[in-house]
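Worksheet: the structure to be examined is printed underneath.
No lab work stands behind these numbers, since they all come straight from the coordinates. Note that the coordinates shown come from a computational prediction; the quantities given were computed from them, not determined experimentally. Here Cβ is always computed from backbone atoms with ideal geometry, including for glycine, and neighbour counts include all displayed protein chains.
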Amino acid sequence: MHNNKTLAGLLEQAYLEVIPTGTIMERLTHIPKHCYVAITCSPVKGLEPTLDLVDKLRALPDERQLKLIPHIAARMVRDKGHLKEILARLEAAKVESIFVPGGDALQPIGKYQDSLQVLRDMAEIGHNIEDVGVAAYPEGHPAIDDQTLLWFLKEKQPLATYFVTQMCFDPQTLMNWLKITRDEGVTLPAWIGLPGVADMSKLISLSLRIGVGQSVKLLRKQKGLLKKMISAKPYQPDDLLEGLRPCVNDPEMNIPGFHLFSFNDVERTEKWRSETCIQLKGE
């Protein structure tokens with residue numbers, strides 16, 4: 001189809017999101033040099049494992065260097081002094097892009113309740129990080145209403161350079177939300193979040209825990225077939241990718257690439273990404 005090359009290009013530039021666990025260094029050997037890797041942070045373990053992984057990856061030889069995007073969750077930053085330390089550490093590691101979500105911690109460890117507060121203090125402090133990403137929620141947020149989410153996204157726009165949509169399985173819901181968001185004046189580049197390759201039982205469990213909206217309704221219907229799916233092939237986002245065709249070529253949607261949630265299944269997700277790119281280019 002006419003936009004196969006466009007889809008392939010977006011996949012080639014995809015960010016691969018990983019969790020900083022003890023085995024992740026070995027798993028990252030499966031991805032090519034200079035790929036983008038987003039590193040999440042845990043509300044239980046805090047920011048230190050994320051920052052430690054940045055340091056470890058930066059210590060690798062040049063042929064294994066990756067483009068790192070650490071997550072700096074607002075609720076895991078103590079205060080402005082702590083924020084200054086984090087920014088200095090990331091600049092020393094030559095990090096060019098970060099992602100600033102609110103974070104999943106029920107209670108903040110310090111003064112920051114949300115990412116907007118961190119972004120404002122970052123602007124006051126000053127830094128050399130080129131790109132700053134924020135989260136967007138096509139299916140809403142369990143604790144924040146849609147109008148408030150839109151207000152926050154608009155307020156963050158002058159302080160950020162892109163946003164990432166949270167995991168969504170319904171392309172129509174995602175495209176409808178993006179059209180409304182653009183009509184409301186949000187022009188930031190949109191990196192579209194795609195679930196990576198994962199076993200269906202794991203994906204359903206995770207999605208029901210973190211998600212809301214139509215995607216969860218779809219997964220709940222599938223959950224009734226859990227016994228059948230446990231022995232089925234793992235989930236791959238081919239149908240979701242196909243469903244997004246109508247918007248990827250629309251310049252008003254401003255989609256520079258995809259953000260792949262790998263669930264640390266790096267090898268299978270990277271294999272799907274690279275093989276799908278080859279297939280799209282050949283069609």
Cβ density ranking, 10 Å radius, fewest first, applied to 104, 62, 145, 114 yields 62, 145, 104, 114
Compute the relative contact order of the chain as a whole-number percentage, counting only Cα pairs closer than 8 Å that sit 6 or more residues apart in sequence. 24 percent
If R₀ is 35 angstrom, what is the calculated FRET efficiency for the pair residue 111 and residue 60, using the beta carbon separation as r and rounding to 0.05? 0.50
Net length gained if the chain between residue 252 and residue 79 were fully extended (0.36 nm per residue, minus Cα distance): 58.5 nm
Residues with amide H under 5 Å from that of residue 16, placed H, sequence gap 5 or more: 36, 37, 38, 260
Could you work out the pair-distance distribution P(r) of region 1-108 from its alpha-carbon pairs, with 10 angstrom bin width and percents rounded to whole numbers? 13, 43, 29, 12, 3, 0
Length-normalised contact order of region 52-112 in % [C-alpha pairs under 8 Å, at least 6 apart]: 47 percent
Options 82, 51, 119, ranked by Cα towards positive dipole end of the chain, top entry (Cβ charges): 51
Ranking 39, 109 by Cβ neighbours within 10 Å, fewest first, what do you get? 109, 39
Divide by every residue of the chain the summed helix terms, -39500 (n - 2.57) for each DSSP H run of at least 4, and state the resulting mean residue ellipticity at 222 nm, rounded to the nearest 500 deg cm²/dmol. -13000 deg cm²/dmol
Region 1-160, dipole about Cα centre (Lys/Arg Cβ +1, Asp/Glu Cβ -1), debye to the nearest 20: 220 debye
Of 94/281; 5/271; 45/94; 111/156; 33/271; 45/156, which sit over 22 Å apart, Cα to Cα? 94/281; 45/94; 45/156
State, in angstrom, two size descriptors of region 45-123 derived from its alpha carbons: Rg to one decimal place and Dmax to the nearest whole number. 12.8, 41
Kindly provide the Kirkwood hydrodynamic radius of region 146-205 in Å, to one decimal, from all pairs of distinct alpha carbon atoms. 13.0 Å
Under the 7 Å Cα-to-Cβ spin-label approximation, residue 12 and residue 141 lie apart by a distance in nanometres of 3.5 nm
Could you list, bin by bin from short to long, the percent of Cα-Cα pairs of the chain in 10 Å steps? 6, 28, 37, 24, 5, 0
If you count, for each residue, the other Cβ atoms within 10 Å and average over each peptide, how do 87-99, 160-172 line up from highest to lowest? 160-172, 87-99
Roughly how many debye, to the nearest 20, is the charge dipole of the chain about its Cα centre, given +1 on each Lys and Arg Cβ, -1 on each Asp and Glu Cβ, and no other charges? 760 debye
